[in-house]
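Here's the structure we're looking at; comments come further down.
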Amino acid sequence: MMPTNLTLLERKISNNLNCLYFVDHPVYRIQKNHQLVLAPEYASAGRVTAINCDDQQRYHIDFEATKELVLTEKKVVKVTNNMLEQSTSQFLATLGYQFVPNEPVGSAEAAASIPPMLPAASPLNAAPTSYIVIDCEFGTLFRKSGSSKAISWRVQDTAGTHASIFQLSAIGFSQHHQTVPFFNRYFDNPNFLPDKKLAGLAETGLTMAAYEAQGAPLTVLKAFIQQVIQPQLPLVFWDQTQDIKHIRLLLSEYYAQLTTSEQELVQQPVVIFDAQAYTNMLINRGNHKSGNHDLPLNGLAALFSITNPHQHNAIWDVQTTELMLVKLAELSHQPVQITATPKPLSTIVPLQASHPESTTEPASQDDTNEHRASYAQVHQLRARGKTYREIAAVTGFSISGINYILKKARPIRTSSESV
């Protein structure tokens, strides 16, 4: 049996270096030589405070400043506990890890000098009434090399990630009525491929000079802080995981260039409502065993006959998220319907009714009277306007049995009825 409280966990990350989560330490990247360096994308998360395993073999990693991370067993390379209470260096050495030798002391201090960006306040368990919906679209980061005659682009790793925000959008709502802000900006990142800039130019209709001016990352972030962060309303995401992570990364990168008042704003705790996580809660409320479904926004919207003409465009996905919040509010007020006990058709329809030519012995007088009373009850309930499902709940018949009685079996008069 896996211990509930764990000390260390190595996470497998496809096409990237693995991460090491170590209680009472920041998150580390594991280099190819098993040396550990600080993971810059977790700079705002703070130290790991706990690692736990639940009864479904999912691992919950808690941080000082951000929400927990949940990993399934297949994403975990190694997990263990410091049962011998070894020192940090001994414990890591036993497992084959080591810190980078002679690493400048200031490197860790420099990372720690930047406070957590937009630390999460207590999460909401119900949808807020006034809020701002946010969504991001991303672009892959490349490094340009070669001469003008032979230019090559290679994917680059910046702050432990291969991507950054391309489009950042937000719309305010109160009681499902649109309010301010209406925010829709594109980042002009020199490490995006040229087709990203062309896409941004096509979406905005701006000239090249205007697009580059309004898309400068610091310019976009300052506008975002003023219009979206300053009102200090709850922030709603369909899935906050990547969006809030990259917003925090950019704020950390440009933190030193913000004004004092802007720095104070981005250090204030923010209330976050994750609509995808809320959907999981609604799905699991009637189940005896909970699970993470992580349903995609536009796929789930389609089940409610909501069509988004421009999927994966951040401002359109914001609007779709709001429509889904309306549907989720309706679902939250619907009672849980428990599946009725399945019954074979033979318990509902008499053998003689199913096979008129049958030569089997007729049912006893008691059985016939019981069927007469049941059939009469079905016809009476239907005459009062009851639905098939409501009749089934009262009589215990299946839907198909009720259909047979109403459409094929004539009403049977009881002995007390006049002929």
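The values are calculated or read from the model by the stated rules, or taken from the named source; none is laboratory data. Keep in mind the model is a prediction, meaning the values are calculated, not measured. Note that each Cβ is placed from the backbone with ideal geometry, even for glycine, and that neighbours are counted across all protein chains shown. Remember, those area values only see protein heavy atoms, side chains included, never the ligands or the DNA or RNA. Shrake-Rupley method; radii C 1.70, N 1.55, O 1.52, S 1.80 Å.
Counting only strands (runs of 3 or more DSSP E) that fall entirely inside segment 1-86 and contain at least 1 residues that are of a type in the set (D, E, K, R) and open to solvent by less than 60 Å² (accessible area, probe 1.4 Å), the qualifying elements are 8-11, 28-30, 59-63. Determine whether Gln167 is at pLDDT 95 or above, crowded, with 16+ Cβ neighbours inside 10 Å and not in a loop (DSSP other than H, G, I, E, B). Yes. Among the residues of this structure, Thr219 does not count as one that is open to solvent by 70 Å² or more (accessible area, probe 1.4 Å) and among the β-branched types (Val, Ile, Thr).
Just one of the numbered conditions (1) closer than 30 Å to Pro335 by Cα; (2) in contact with a Ser or Thr (Cβ under 6 Å, 6 or more places away or on another chain); (3) not acidic (Asp, Glu) is not true of Asn292: (2). If you go through segment 153-197 and keep only what is among the hydrophobic types (A, V, I, L, M, F, W, C) and touching a Lys or Arg at 6+ places or on another chain (Cβ under 7 Å), you end up with Trp153, Phe166, Leu168.
Which one of Leu235, Leu251 is more than 23 Å from Thr320 (Cβ to Cβ), open to solvent by less than 40 Å² (accessible area, probe 1.4 Å), touching a residue at least 12 places away in the same chain (Cβ under 8 Å) and touching a Leu at 6+ places or on another chain (Cβ under 9 Å)? Criteria check complete, one pass: Leu251.
Could you name every one of the strands (runs of 3 or more DSSP E) located completely within segment 87-162 that has at least 3 residues being at pLDDT 90 or above and under 35 Å from the mean Cα position of the chain (by Cα)?
So the answer is 130-140.
Scanning segment 307-326 for residues that are surrounded by 16 or more Cβ atoms within 10 Å (Cβ to Cβ) and in contact with a Leu (Cβ under 9 Å, 6 or more places away or on another chain) yields Asn308, Ala314, Asp317, Thr320, Thr321, Met324. Considering the conditions (1) surrounded by fewer than 16 Cβ atoms within 10 Å (Cβ to Cβ); (2) more than 16 Å from Leu250 (Cα to Cα); (3) among the aliphatic types (A, V, I, L, M); (4) in contact with a helix residue (DSSP H, G or I) (Cβ under 8 Å, 6 or more places away or on another chain), Ala209 is excluded by exactly one of them, (4).
Looking at segment 207-278, the helices (runs of 4 or more DSSP H) lying wholly inside it that each contain 2 or more residues that are more than 24 Å from the chain's Cα centre (by Cα) and either more than 23 Å from Ala43 (Cα to Cα) or of a type in the set (Val, Ile, Thr) (or both) sit at 208-214, 217-224.
Just to be sure, is Gln268 under 20 Å from Asn184 (Cα atoms), open to solvent by 10 Å² or more (accessible area, probe 1.4 Å) and in contact (Cβ under 8 Å) with a residue 12 or more places away in the chain? No: the conditions fail for Gln268. The set of residues from segment 285-306 being open to solvent by 80 Å² or more (accessible area, probe 1.4 Å) and modelled with pLDDT of 90 or more comprises Pro296, Leu303, Ser305.
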